[in-house]
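No value in this document is a laboratory result; all are computed from the given coordinates. All of these numbers come straight from a predicted model, not from anything done at the bench. Glycine also receives a Cβ, built like all others from the backbone with ideal geometry; neighbour counts cover every protein chain displayed.
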Amino acid sequence: MARSFNRKRSLSALNELNVTPLMDLAFSLLIIFMVSAPLLEQSIDLNLPAQEKRAAVQKADVEFQVINIDAQGNLFWGKQEVSFAELKNQLANLAAMPDPNPISLRVDRELKAQVLVDVLDLITLNKLTKISISTIVE
């Protein structure tokens, strides 16, 4: 006695595409990249502020307000030497302008970091966000 296991095989098209496994994969990869990205940024090897040669892209119409800091920590607003309090007033005046000029910060390589941090704190307290730190091209 032979049994017949015949089934009807219909060749109908799928009406829906199951994207659940694809979404699971995408979220898994997202979590992996979110966890591993901060670990990749923790490199300590420092040799700044040199920069490799490349084509500079700048707008010709932009006029920067230059702040210079020499190796002894002396502050200069453009070419004029200023004290820390005078720099604070100058930055407040710049922040009061409707469209303040971007700031170009030029710092000597031998400068202690605390002076630079103090100047950057003044800039951010005045909510000036357009900052360029100049480096040497080697």
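Restricting attention to the stretch 50-137, the count of lysine pairs at 8 or more positions apart or across chains with alpha carbons under 25 Å apart stands at 13. For the pair D70 and V117, the difference between a 0.36 nm per residue extended length and the Cα-Cα distance amounts to 15.5 nm. Normalised Debye scattering of the stretch 50-137 at q = 0.21 Å⁻¹ gives log10 I(q)/I(0) of -1.08, counting only Cα atoms as equal scatterers and leaving out solvent.
In this simple spin-label approximation, I131 and A37 carry label points 7 Å from Cα along the Cα→Cβ vector, and these lie 2.2 nm apart.
Structural descriptor for the stretch 93-134: relative contact order 61 percent, calculated from alpha carbon pairs under 8 angstrom and at least 6 residues apart.
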